[in-house]
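These notes are about the structure you will find just below.
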Amino acid sequence: MATPYIPIRAHAPLEAGELGLSYTPEILFTGPSDSSTILIVDDAEINRRMIRAMLQGGRAGNSKQYKLLECRRPSEALSIVSQEKVDLVICEFIMPEMSGPEFCQRFRANKKTYLTPVLMLTSVQGSEHEIAGITSGADEFLLKPLQPAVLRARVTAMLRHKAAIDSLEEVESILFTLAQTVEQRDHYTGAHCQRLATYAVAMGLRVGLPREQLLALYRGGFLHDIGKISVPDAILFKDSLLTQDEWEVMRSHTWRGEDICRGMKSLAPVLPIVRNHHERWDGSGYPDGLVGDRIPYLARILQIVDIYDALTTARPYKPALSHAEALGILYEEVKRGWRDPEMVRQLQDVFDNPPPEMREALVSPSLNSMSQNVSK
Ligand SMILES: [Fe+2]
C-alpha cells in the first residue's frame, strides 16, 4: 500500500495545537507510576522489615502502594534486576559479598540498570562513606536512624525522576523504531543502520572524538534518514528520473528529519547529522549548500559511511561492490569536489587499521560489544 503523502507546508516543527492537542495533562508526565517496584537489599531481616513498614505507612490518604521486592545479598539483587523491571533500589552500605559501592558499580555497568536510581543507607558516620557511595553511582545517601517521612519523600522524588526518564526513553525508542521502519521501506534491512552506526563510531574513535559525539554518531546511524517517512512511495521508489518538484520533496527529508528529532533535547547533537548529511564539499549539496569545513564534522562522517555502505551492499537493483571498488568511487567523488578528501582517507584508514575496541564489530558489525559501551 502506498504511503500517504504529507504535503510540505512550512519549514517549522509541529506545535501541539497542530496535532489537535490543546490540553496536555501534566499528571501524565510529572508523577511516578502507581505500580513502581522497589527492591530492598539488606542482609538484616529487621532492617528490611523497617523499610517496608516506612514505605507502606504515611498519613491517611498519603500512603503509596509500591510493589516491594527484597533480598539479602547483592548477587541476588543483580539476578532480580536482570529478570524484573525495578524502578528503585534501596541498599545498605555494608553488605555481605560486596560493599554497597561495589554493588553500585556493578549495577551501573549493566546497560539495563544504569539509569535505575539507587538509594544507599548507612549507619556509619563519616562524609567519606557518602562520597564513596555517590561516586560509585548511588543517587541518594541517607544516614540511619531513618526518618520515615524523609525516606518516603526521597523515594517519591527519585521515582518521579525515574518516571520522567522512562518517558523520555520511550519516546526515543519509538523514534529509533520508526527510523528502522523507514530504512526497511527504503529496501534496506535493519542491519544497515547498525553498520552505519558501527562505521561512524569507528571513524569517531580514530580521531579521538569525545563520548558525547560518539553517541551522536551512533544515534545518527539510525536516525539520519527518518525524514523519509514523509516522502511518498511514488517518489522514493520511482524508477525513472525525478522531476524538479519531486526532487524538492526528496531533499526535504533532511530538514523534515531534523524537525522530527528536534523535540528531544537529548538528540540535539544529532540534529546537524540529520540535516546536513547530503551536503557536498564544493557546496553543491543540500539542504543548505554548505561548503567545506562549514559542513558539520559529524555529518561529514555519517555521509561518507552512508555512501560506503550503499556501495558495498547488494540492493534489488545492483550488486555489492568490493571495498576497493567503493573506495575508488569515493576518491573519484573527491576529485569531482563532492567529498571531504580527509574524510575518505580516514575511512580507508579505519578499515585498514580498525580501532582496537571496534575490530570485532567492523569484521562482523553486530554492534553488540560497541552498543554496550556507547549507547549508554
Ligand atoms: Fe538521507
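The values are calculated or read from the model by the stated rules, or taken from the named source; none is laboratory data. For clarity, every value in this text was computed on a predicted model and none was experimentally measured. Here Cβ is always computed from backbone atoms with ideal geometry, including for glycine, and neighbour counts include all displayed protein chains.
Observations on the structure shown:
- Of all residues in region 117-127 being in contact with a helix residue (DSSP H, G or I) (Cβ under 7 Å, 6 or more places away or on another chain) and modelled with pLDDT of 90 or more, the one that is nearest to Ala164 (Cα to Cα): Pro117
- Odd one out for Arg256, checked against (1) over 30 Å from Gln348 (Cα atoms); (2) within 11 Å of the ligand (Cβ to nearest atom); (3) not in a helix (DSSP H, G or I): (3)
- Test: Tyr286 is more than 16 Å from the ligand (Cβ to nearest atom) and under 23 Å from Trp247 (Cα atoms): no
- Candidate set: region 214-253, residues that are assigned to a loop (DSSP other than H, G, I, E, B) and closer than 14 Å to Ala299 by Cβ; chosen: the one farthest from the chain's Cα centre (by Cα): Asp225
- Region 238-253, residues that are surrounded by 21 or more Cβ atoms within 10 Å (Cβ to Cβ) and more than 11 Å from the ligand (Cβ to nearest atom): Val249
- Qualifying residue in region 68-91 (condition: surrounded by 20 or more Cβ atoms within 10 Å (Cβ to Cβ) and small (Gly, Ala, Ser)): yes
- Leu223, sole failed condition from (1) at pLDDT 90 or above; (2) outside the structural domain of Met343 (by TED's automatic domain parsing): (2)
- Residue satisfying all of: in region 282-317; outside any loop (DSSP other than H, G, I, E, B), of a type in the set (Val, Ile, Thr) and free of Cβ contacts under 8 Å to residues at least 40 places away in the same chain; nearest to Val344 (Cα to Cα) among these: Ile307
- Condition check for Gly204 on (1) within 14 Å of the ligand (Cβ to nearest atom); (2) modelled with pLDDT of 90 or more; (3) not polar (S, T, N, Q): one failure, at (1).
- For Glu128, the conditions (1) in a helix (DSSP H, G or I); (2) surrounded by 12 or more Cβ atoms within 10 Å (Cβ to Cβ) all hold with the exception of (2).
- The lone criterion from (1) away from the ligand (no atom under 16 Å from the Cβ); (2) closer than 20 Å to Arg195 by Cβ; (3) among the aliphatic types (A, V, I, L, M) left unmet by Leu267 is number (2).
- Taking residues in region 247-270 that are within 15 Å of Leu236 (Cα to Cα) and assigned by TED's automatic domain parsing to the domain that holds Arg219, and partners anywhere that are within 13 Å of the ligand (Cβ to nearest atom) and among the hydrophobic types (A, V, I, L, M, F, W, C), the pairs with Cβ atoms closer than 7 Å and at least 6 places apart or on different chains are Val249/Val231; Met250/Val231; His253/Val231; Thr254/Val274.
- Which numbered condition Gln147 fails, given (1) under 32 Å from the mean Cα position of the chain (by Cα); (2) within 27 Å of Gln56 (Cα to Cα); (3) without any contact (Cβ under 8 Å) to a residue 40 or more places away in the chain: (1)
- Which listed residue is modelled with pLDDT of 90 or more, within 30 Å of Glu169 (Cβ to Cβ), in the same structural domain as Val201 (by TED's automatic domain parsing) and not basic (Lys, Arg), from Val305, Val334, Val291, Val344: Val305
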